[in-house]
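What follows is a single structure, written as structure tokens, with notes after it.
The values are calculated or read from the model by the stated rules, or taken from the named source; none is laboratory data. In this text, all values refer to a predicted model and were calculated from it rather than measured experimentally. Note that we place each Cβ from the backbone using ideal geometry, even for glycine, and neighbour counts take in every protein chain shown. To get the accessible areas, we keep the full protein, side chains included, count just its heavy atoms, and leave off ligands, DNA and RNA. Shrake-Rupley method; radii C 1.70, N 1.55, O 1.52, S 1.80 Å.
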Amino acid sequence: MVFEAFGLSGEVLKAVSELGFEEPTPIQVLAIPKMLLGNDITGQAETGTGKTAAFGIPVIEKIERNKRETQALVLCPTRELAIQVAEEFSKLLKYIPSVTVLPVYGGQAIDRQIRALKGGVQIIIATPGRLIDHIDRGTLNLKNVKMLVLDEGDQMLDMGFRDEIETIIFELPKNRQTVLFSATMPKPILEISQKFQKNPIFIKVPDRELIVPGIEQFYIEVKEQDKLEVLCRVIDMQNPPLSLIFTNTKRAADYVTLHLNTRGYLVEGLHGDMKQQQRDRVMGRFRARNIDILVATDVAARGIDVEDIDTVFNYDVPQDVEYYVHRIGRTGRAGKTGKSITFVSPKEIYKLRQIQRYANIRIARIPVPTLRDIEETRTQQVIEQVREIVMDGGASAYQKLVEQMMQEEYSSMEIAAGLIKIVLDSKGDQKGNGKDYNENIPVHATSSNMEKLSINIGRERGIRVKDILGAIAGETGVPGRLIGAIEIQDRHSYVEVPSSEASHIIEAMHNKTIRGYSVILTPAKKRGQY
Ligand code: ADP
Ligand code: MG
């Protein structure tokens, strides 16, 4: 399918080609011919599918160029969209200087708009509120409007513009063409269609498969200032062989790169300010695995096609669902599985919800890893390595050495434990772990299925985190890794435990001792409850 097939004017075809549109998008294929025929249309297609040109091209073609009166009205939900749509119209009108388009939105000096309107504009792109202002002032003549477009209909209704839309429509001639575009088709949109359209033709473009299957998507809720710390924790926990970190801005990319670097990670940044040569060098090092973490902005990451990226981290929530999809699509390539983890500050939660809604996906929440989680994983990794080496017989050459040590009266158990400590300590050093962690980071309520218990002893009795952890694990059989944050106060302490285990733990701990003091656990008072 090509644009020429619609029978468009040479001027519009030239402008379309200058815009770089090679072929019409699916919604354009369906909408343009029917709109040219004068039908009322209700069109549904996702964001970013080219709906503006789908109605823009036919509207422009149907304008009578020698008449200065307002012939088409496009309503948009926001000032930004009105400006954006007006700009696309201007580009399409590049070779038709006799047709003018004017965006009319709140916040702009009304006098200027009035003067511009007096000159006669054929196409008005307006937000509902400001348009009604002009209607009330009588600075607008809508008697000759023969085309009305309601753009982003769902959003306009979401924003509560229903009454305004009706008010405006009552000002328009009855024998007009009414076109409605929306990303979704909730009931209120269909009601508008029923009320104001004549024999509307419904067209719908099937939703794209937005998400590459095989990508597990998670998010972690974390305060902005704690993001870096939590990012490091997650990297240490998961140890992805190759990962990509996205940031929204160049500044954030630099900041994250610098800090990960000082913490000893093999990381480099990639952003738009870099010369091509520099970028190629960084990409080369990433491909060759000389670095295992790449930090990039959306623009810089365009076209990155590296296989085997295990994890994509979104240091901030991308502005737009398309970016999100593009970002996480860097992993899980070629049928492999991948993982994405998005760091969400309280301010960004709404953006995450929008992404989930628009892309119709579910992003699962995971808790901030505790220092204990990390330790546990690291230990597991070492044990796993030892197991593999022993199974492969790769350590048999060293048995003599162990035998020698055992003759010095050390048990094999002690020797093994000592070696594991060395390994763990050195692993910690590599990335500056342990020492550099900010222990004070608030680990927010670990998860909704955790319950906070209060313990009647604290710092004054010399109680330490590991005492509580050890006692609970020892007395109740609940493994330490299931126990959440432990908080030591002067005279009492708190411990988060799985809700399902809470009553069992309370009972099993009753009158047991920790460091010689008998303890009682009770459910912690929730803030504001008493
Ligand atoms: P929607 O309103 O459906 O969200 P837009 O009309 O804003 O989408 O279009 C999204 C982007 O796609 C714009 O940058 C637009 O210029 C571009 N675009 C529109 N039609 C085409 C086409 N046929 N080929 C390439 N790009 C297009
Ligand atoms: Mg649009």
Under 8 Å between Cβ atoms, at least 6 apart or on separate chains: pull out the pairs that start in segment 472-490 with a residue that is closer than 16 Å to SER503 by Cβ and end on any residue that is modelled with pLDDT of 80 or more and among the charged types (D, E, K, R).
-> GLU475/LYS512; THR476/GLU501; VAL478/GLU501; LEU482/GLU501; ILE483/ARG372; ILE483/GLU496
Just wondering, is there one or more residues in segment 158-176 that are within 16 Å of ligand 2 (Cβ to nearest atom) and over 17 Å from LEU131 (Cα atoms)?
-> yes
When only residues in segment 1-25 that are within 21 Å of VAL179 (Cα to Cα) and within 16 Å of ligand 2 (Cβ to nearest atom) count, which is surrounded by the fewest Cβ atoms within 10 Å (Cβ to Cβ)?
-> THR25
Selection from segment 460-474 of residues that are outside any helix (DSSP H, G or I) and within 18 Å of HIS504 (Cβ to Cβ) | none
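Confirm whether ALA53 is free of Cβ contacts under 8 Å to residues at least 60 places away in the same chain and within 11 Å of ligand 2 (Cβ to nearest atom).
Values: free of Cβ contacts under 8 Å to residues at least 60 places away in the same chain: yes; within 11 Å of ligand 2 (Cβ to nearest atom): yes.
Spelling it out, ALA53 is indeed free of Cβ contacts under 8 Å to residues at least 60 places away in the same chain and within 11 Å of ligand 2 (Cβ to nearest atom).
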Restricting to segment 52-68, what's the tally of residues that are more than 7 Å from ligand 1 (Cβ to nearest atom), open to solvent by 10 Å² or more (accessible area, probe 1.4 Å), not in a loop (DSSP other than H, G, I, E, B) and not acidic (Asp, Glu)?
-> 1
Could you tell me which residue of segment 204-228 is modelled with the highest pLDDT, considering only residues that are surrounded by fewer than 17 Cβ atoms within 10 Å (Cβ to Cβ) and in a helix (DSSP H, G or I)?
-> GLU224
Which ones in segment 481-502 are basic (Lys, Arg) and either over 30 Å from the mean Cα position of the chain (by Cα) or open to solvent by less than 50 Å² (accessible area, probe 1.4 Å) (or both)?
-> ARG491
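Suppose the filter is at pLDDT 95 or above, away from ligand 2 (no atom under 16 Å from the Cβ) and assigned by TED's automatic domain parsing to the domain that holds GLY107; does LYS91 pass it?
On the way: at pLDDT 95 or above: yes; away from ligand 2 (no atom under 16 Å from the Cβ): no; assigned by TED's automatic domain parsing to the domain that holds GLY107: yes.
In short, no.
Here are some residues: ARG481, ARG491, ARG464. Which one is of a type in the set (D, E, K, R) and farther than 19 Å from ASP373 by Cβ? Step through it out loud before you land on a result.
Details: ARG481 fails: farther than 19 Å from ASP373 by Cβ; ARG464 fails: farther than 19 Å from ASP373 by Cβ.
Result of the check over ARG481, ARG491, ARG464: ARG491.
Can you tell me which residue in segment 234-251 is modelled with the lowest pLDDT, limited to those that are within 16 Å of the chain's Cα centre (by Cα) and either open to solvent by 10 Å² or more (accessible area, probe 1.4 Å) or not assigned by TED's automatic domain parsing to the domain that holds ASN360 (or both)? Quick ask: steps written out before the conclusion?
So in segment 234-251, the residues within 16 Å of the chain's Cα centre (by Cα) come out as 244-249.
Then keep just the ones that are either open to solvent by 10 Å² or more (accessible area, probe 1.4 Å) or not assigned by TED's automatic domain parsing to the domain that holds ASN360 (or both); that gives 248-249.
Details: ASN248: 91, THR249: 88.
So the residue we want is THR249.
Would you confirm, using the coordinates I've provided, whether LEU231 is part of a helix (DSSP H, G or I), among the hydrophobic types (A, V, I, L, M, F, W, C) and open to solvent by 50 Å² or more (accessible area, probe 1.4 Å)? Steps first, please.
Numbers: part of a helix (DSSP H, G or I): yes; among the hydrophobic types (A, V, I, L, M, F, W, C): yes; open to solvent by 50 Å² or more (accessible area, probe 1.4 Å): no.
Against the criterion (part of a helix (DSSP H, G or I), among the hydrophobic types (A, V, I, L, M, F, W, C) and open to solvent by 50 Å² or more (accessible area, probe 1.4 Å)), LEU231 does not qualify.
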The condition of being outside any helix (DSSP H, G or I) and not polar (S, T, N, Q) holds, among VAL402, VAL386, VAL368, only for VAL368
Single residue of segment 364-402 satisfying the filter (at pLDDT 80 or above, under 20 Å from ILE483 (Cβ atoms) and basic (Lys, Arg)) that is surrounded by the most Cβ atoms within 10 Å (Cβ to Cβ) = ARG372
Breaking point among (1) closer than 30 Å to VAL325 by Cα; (2) modelled with pLDDT of 80 or more; (3) surrounded by 11 or more Cβ atoms within 10 Å (Cβ to Cβ), for MET406 = (1)
Please state which one of GLN71, GLN28, GLN84 is open to solvent by less than 10 Å² (accessible area, probe 1.4 Å), touching a residue at least 12 places away in the same chain (Cβ under 8 Å), within 10 Å of ligand 1 (Cβ to nearest atom) and not hydrophobic (A, V, I, L, M, F, W, C).
-> GLN28
Residues being within 25 Å of ARG233 (Cβ to Cβ) and of a type in the set (Asp, Glu) - total across segment 253-282 = 2
Given the conditions (1) touching a residue at least 40 places away in the same chain (Cβ under 8 Å); (2) farther than 26 Å from GLN354 by Cα; (3) open to solvent by 10 Å² or more (accessible area, probe 1.4 Å); (4) within 20 Å of the chain's Cα centre (by Cα), which single one is not true for TYR255?
-> (1)
Per-region count, segment 143-162, residues modelled with pLDDT under 95, buried (at least 16 other Cβ atoms within 10 Å of the Cβ) and among the hydrophobic types (A, V, I, L, M, F, W, C) | 3
Of those in segment 33-51 that are in a helix (DSSP H, G or I) and surrounded by 24 or more Cβ atoms within 10 Å (Cβ to Cβ), the residue modelled with the lowest pLDDT is LYS51
Could you please find all residues in segment 181-203 being within 16 Å of ligand 1 (Cβ to nearest atom) and either over 17 Å from LEU36 (Cβ atoms) or loosely packed, with under 15 Cβ neighbours inside 10 Å (or both)?
-> SER182, ALA183, THR184, MET185, ILE189
